[in-house]
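Structure first, commentary second.
Each reported figure results from applying straightforward, stated rules to the coordinates on display, with no laboratory input. Note that the structure is predicted; figures quoted are calculated from it, not measured. FYI the Cβ positions are ideal-geometry reconstructions off the backbone, even for glycines, and counts take in every protein chain you see.
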Amino acid sequence: MEQTNAPHSNHETPHNPPIVQTPSTKKSFFETYQNFFAIIIVGILILAGILIAHFTEGGKGSTSQQENQPLTQSQVRDGLVKVAKDLKLDKKAFATCLDNGTYKNLIASDVKLAQDSGVQGTPTFFILNRTLNADGSVKSTKQFEILGARDEATFLKSVADGKAPADQPEQPAGQKVALSDSDHYMGPKDAKVVIVEYSDIECPYCKAEKPVIDTILKNHPEYGFVYRHSPIASLHPWAEYKAEGSECAFAQGGDTAFWKYLDETVK
């Protein structure tokens, strides 16, 4: 936001009268040429400021260019192995899991499932409102979608209303979302509300929404939550690779390692 300029200070006021010199007063050499010296000093200061700004911006530009360089697979791998080490996993086994592409097909099956469900972007949330039988089994399920990153109030209102947010365009019908024993599930198994998220680890909107979902789940422990992979390779070249890493973490440390891995990579 631009701000208006401050009022000019080089105007005449009663408190700042012009200096009137007496013709009969004899001036020293400095007094005679003081305006000339002042101009020279100001010029030097301006030039110094320009040079400092130029070299400072040049340094920043070089850093920015370095930061914008695409990461290599080796760099991404090293970063994920460090995450595994921080999670107290066997980093050698984790690295081997990544190098072998052990869970590449599993990620591809999640992507196919997302497509079949009508997912067109991330994050996409399917809200499952379930009616349960007396024994806790599911009698019926109604579902709707919440698209994109939403604030907590909007998300919770949609859940309470049992329908998509009012500003959300109607989505083409996909197949019903069914939970599986292989899902990464958090919360009570007999939850009446289950949030299923299709997400991309590198998606900026997914990153922005994660603390919102974390807060909702903390404040509503009665909700169930499922995380499914939907990496968009055309936008995020390392999203699939990082998703594979989450499954490598799960293979060693179960759900605890899986959720902590996401905490470290989706931020």
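So here's what we get for this one:
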| quantity | calculated |
| --- | --- |
| Residue match in the stretch 213-223 (condition: farther than 29 Å from Ala95 by Cα, assigned to a loop (DSSP other than H, G, I, E, B), in contact with a helix residue (DSSP H, G or I) (Cβ under 9 Å, 6 or more places away or on another chain) and among the aromatic types (Phe, Trp, Tyr)) | yes |
| Considering residues of the stretch 160-213 that are without any contact (Cβ under 8 Å) to a residue 24 or more places away in the chain, of a type in the set (D, E, K, R) and loosely packed, with under 14 Cβ neighbours inside 10 Å only, the residue nearest to Ser230 (Cα to Cα) | Asp181 |
| Output for the stretch 81-118, where each listed residue is of a type outside the set (A, V, I, L, M), touching a residue at least 40 places away in the same chain (Cβ under 8 Å) and in contact with a Lys or Arg (Cβ under 9 Å, 6 or more places away or on another chain) | Asp86, Phe94, Asp110, Ser117 |
| Cross-chain or 6+ apart pairs with Cβ under 6 Å, the stretch 243-267 first and in contact (Cβ under 8 Å) with a residue 60 or more places away in the chain, then among the hydroxyl-bearing types (Ser, Thr, Tyr) and surrounded by 19 or more Cβ atoms within 10 Å (Cβ to Cβ) | Glu244/Tyr103; Glu247/Tyr103; Ala249/Tyr261; Phe258/Ser246; Tyr261/Ser246 |
| Residues being out of contact with any His (no Cβ under 8 Å at 6 or more places or on another chain), closer than 30 Å to Thr131 by Cα and surrounded by fewer than 18 Cβ atoms within 10 Å (Cβ to Cβ) - total across the stretch 217-258 | 8 |
| Test: Gly253 is out of contact with any helix residue (DSSP H, G or I) (no Cβ under 7 Å at 6 or more places or on another chain) and among the small types (Gly, Ala, Ser) | yes |
